[in-house]
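One structure is given below, encoded as structure tokens.
The values are calculated or read from the model by the stated rules, or taken from the named source; none is laboratory data. Nothing here was measured: the structure is a model prediction, and the numbers come from that model. Every residue, glycine among them, receives a Cβ derived from its backbone with ideal geometry; neighbour counts consider all protein chains shown.
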Amino acid sequence: MPTTSLLHGDCLKVLPTLDVASHDLVVTSPPYNLGINYRSFDDTASRSDFLDWCRAWSAEIKRLLTDDGSFFLNVGAAPSNPLFPHQVLLALTEEFFVLQNTFHWIKSITIETRKGEQISAGHFKPINSKRYVNDCHEYVFHLTKTGNVPLDRRGAGVPYQDKSNIARWGHTGGVDKRCRGNTWFIPYDTIKSRDKDRPHPATFPIGLVEQCIHLHGKGRDTRLLDPFLGIGTSALAAKRQKIAHFTGIELDDHYLTVARERLEAPENQELF
Ligand SMILES: C[S@@+](CC[C@H](N)C(=O)[O-])C[C@H]1O[C@@H](n2cnc3c(N)ncnc32)[C@H](O)[C@@H]1O
């Protein structure tokens, strides 16, 4: 029987109650220590306190993760604080994990076609600055215990643009799928009302979590954990991918209520 556990509390207290090696996939986005206005969490710690806090929950994630498990950590920066994701990464790789892959979650991009046409896609929130350009991406660090965990690259792949490559390259096995690479263009869903449709200051899109689930490659047998659940995006991805076991933890009772409502919402039942 599939299980979905949405747990209320401080993950530093809840994670120790979960069994060793009870999850094979962790996808999460912690607070970014950039002064974001969460309902309960104070996002203004000193950088060294914040990094110590990251070390504390990462030690727990390592304990809960199977040896062949994958931990996808989404972190972004502010233009004025560009070192932040790298500081978190250094703290976690000093002691606990190996950085196996780095993905770039692209939120907005402009490409120029060979015919010279410019196509812009995604959401672009302008900033008013003479110093900084718009920050249109966030990191997704893929952390593992060994640096040697196999991934289902083609499970998360894309069709070949030039179909003649399918026959030309033996490794394709005749299948029209290639590795997507480490740039993921995943725009936010367009919403009408922030308060109603996305009542949280820092969510990631369902598609980002689904991409991690596909790469992990264990399909429905996946046991997924998100210790910073927010309004339940990872739980929705787990439900949509029909994965067996999901555990989410959230400090704020209102966000957790919204997560439960989103999982039960009639319009979301149609997605699954
Ligand atoms: C970046 S948000 C995650 C948003 C989530 N990915 C989504 O799409 O809804 C981080 C969340 O961590 C929660 N949080 C902060 N400290 C926590 C803690 N100690 N234990 C559990 N949750 C915590 C915050 O309330 C916030 O909702």
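Restricting the search to the stretch 48-69, which residues are over 20 Å from Val209 (Cβ atoms) and hydroxyl-bearing (Ser, Thr, Tyr)? Listed by number, the list holds a single entry, Ser48. Just to verify a result, which residue in the stretch 8-24, among those that are in a loop (DSSP other than H, G, I, E, B) and without any contact (Cβ under 8 Å) to a residue 60 or more places away in the chain, is surrounded by the most Cβ atoms within 10 Å (Cβ to Cβ)? Among residues in the stretch 8-24 that are in a loop (DSSP other than H, G, I, E, B) and without any contact (Cβ under 8 Å) to a residue 60 or more places away in the chain, the one surrounded by the most Cβ atoms within 10 Å (Cβ to Cβ) is Ala21. Mind listing just one residue for me: the one in the stretch 157-208 that is of a type in the set (Ser, Thr, Tyr) and in a helix (DSSP H, G or I) and, of those, surrounded by the fewest Cβ atoms within 10 Å (Cβ to Cβ)? The qualifying residue surrounded by the fewest Cβ atoms within 10 Å (Cβ to Cβ) is Ser164. Taken together, the residues in the stretch 25-46 that are crowded, with 17+ Cβ neighbours inside 10 Å and more than 9 Å from the ligand (Cβ to nearest atom) amount to 3.
Quick check on the stretch 70-80. Is at least one of its residues over 28 Å from Gln241 (Cα atoms) and within 16 Å of the ligand (Cβ to nearest atom)? Yes, because at least one residue in the stretch 70-80 is over 28 Å from Gln241 (Cα atoms) and within 16 Å of the ligand (Cβ to nearest atom). Exactly one residue out of Gly207, Gly217 is more than 9 Å from the ligand (Cβ to nearest atom), in contact (Cβ under 8 Å) with a residue 12 or more places away in the chain and under 30 Å from Thr110 (Cα atoms): that is Gly207. Can you find a residue that is modelled with pLDDT under 90 and either in a helix (DSSP H, G or I) or surrounded by fewer than 16 Cβ atoms within 10 Å (Cβ to Cβ) (or both) anywhere in the stretch 65-79? Checked against the condition, which is being modelled with pLDDT under 90 and either in a helix (DSSP H, G or I) or surrounded by fewer than 16 Cβ atoms within 10 Å (Cβ to Cβ) (or both), the stretch 65-79 yields at least one hit.
Would you be able to say whether some residue in the stretch 132-154 is within 16 Å of the ligand (Cβ to nearest atom) and assigned to a loop (DSSP other than H, G, I, E, B)? Within the stretch 132-154 (the criterion being within 16 Å of the ligand (Cβ to nearest atom) and assigned to a loop (DSSP other than H, G, I, E, B)), the answer is yes, since at least one residue qualifies. Evaluate the following for His86: is it at pLDDT below 95 and either assigned to a helix (DSSP H, G or I) or surrounded by 10 or more Cβ atoms within 10 Å (Cβ to Cβ) (or both)? In short, no. For the stretch 70-88, the count of residues that are closer than 19 Å to Glu210 by Cβ and out of contact with any Phe, Trp or Tyr (no Cβ under 8 Å at 6 or more places or on another chain) is at least one.
Filtering Leu90, Leu12, Leu83 for residues that are more than 23 Å from Asp135 (Cβ to Cβ) and not basic (Lys, Arg) leaves a single hit, Leu12. For Ile186, the stated conditions do not hold, so it cannot be described as touching a Leu at 6+ places or on another chain (Cβ under 6 Å), without any contact (Cβ under 8 Å) to a residue 40 or more places away in the chain and not charged (D, E, K, R).
Inspection of the stretch 95-110 identifies at least one residue that is in a loop (DSSP other than H, G, I, E, B), within 15 Å of the ligand (Cβ to nearest atom), under 26 Å from His214 (Cβ atoms) and under 18 Å from the mean Cα position of the chain (by Cα). Taking the stretch 220-244 as the range and being part of a loop (DSSP other than H, G, I, E, B) and within 15 Å of the ligand (Cβ to nearest atom) as the test, the residues that pass are Pro227, Phe228, Leu229, Gly230, Ile231, Gly232.
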